[in-house]
Amino acid sequence: SERFFTIGKLEQALGETVDREALASALDLHDDAIIQRALAGTLAVPAADIRRSRTALFLYLLKHHAQSHRENDPRP
């Protein structure tokens, strides 16, 4: 199935080309809805408040949203 998000789109949105392998892995592991939530959360943070990189923050939030989604999913 065709995905909305691609590595290029994520890099453009984040304004960085830091870790293509991590972004590719994220796309393989997570659906577009979770990626969208993590990206929105990342872009809401002012640049001055980001410690490492926007990509690192995105990957952190992505794991957080994916874990939260799994915990709230009623399926076994």
Fill in the blank from the handout: Membrane-span-like helices (DSSP H runs, Cα span along own axis at least 15 Å, mean Kyte-Doolittle at least 0.0) in the chain -> 32-43
Practice task
State in Å² the accessible area per residue of the chain; use a 1.4 Å probe, count heavy atoms of protein chains only, and round to the nearest integer.
Solution key: 71
Handout entry: Carbon/sulfur fraction of accessible area - the chain, other protein chains in place, 1.4 Å, %
Key = 51
Exercise for the section: List the relative contact order of the chain as a percent without decimals, with contacts defined as Cα pairs under 8 Å and 6+ residues apart. Expected result: 33
Practice task
Would you mind calculating the gained length between LYS9 and ASP31 on full extension (0.36 nm times residue separation, minus the Cα-Cα distance), in nm to one decimal?
Solution key: 6.4 nm
Exercise for the section: Counting helices only, and only those DSSP H runs with n ≥ 4, report the 222 nm mean residue ellipticity of the chain as the sum of -39,500 (n - 2.57) divided by its residues, in deg cm²/dmol to the nearest 500. Expected result: -20000 deg cm²/dmol
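Give the average over all directions of the projected area of the C-alpha convex hull of the range 1-52, one decimal, in nm².
About 3.7 nm², averaged over all directions.
Efficiency by 1/(1 + (r/R0)^6): what FRET value for GLU2 and ARG70, r their Cβ-Cβ distance, R0 = 22 Å, to the nearest 0.05?
After rounding, the FRET efficiency stands at 0.35.
The values are calculated or read from the model by the stated rules, or taken from the named source; none is laboratory data. As the structure is a prediction and not an experimental result, all values here were calculated from the model. Note that each Cβ is placed from the backbone with ideal geometry, even for glycine, and that neighbours are counted across all protein chains shown. To get the accessible areas, we keep the full protein, side chains included, count just its heavy atoms, and leave off ligands, DNA and RNA. Shrake-Rupley method; radii C 1.70, N 1.55, O 1.52, S 1.80 Å.
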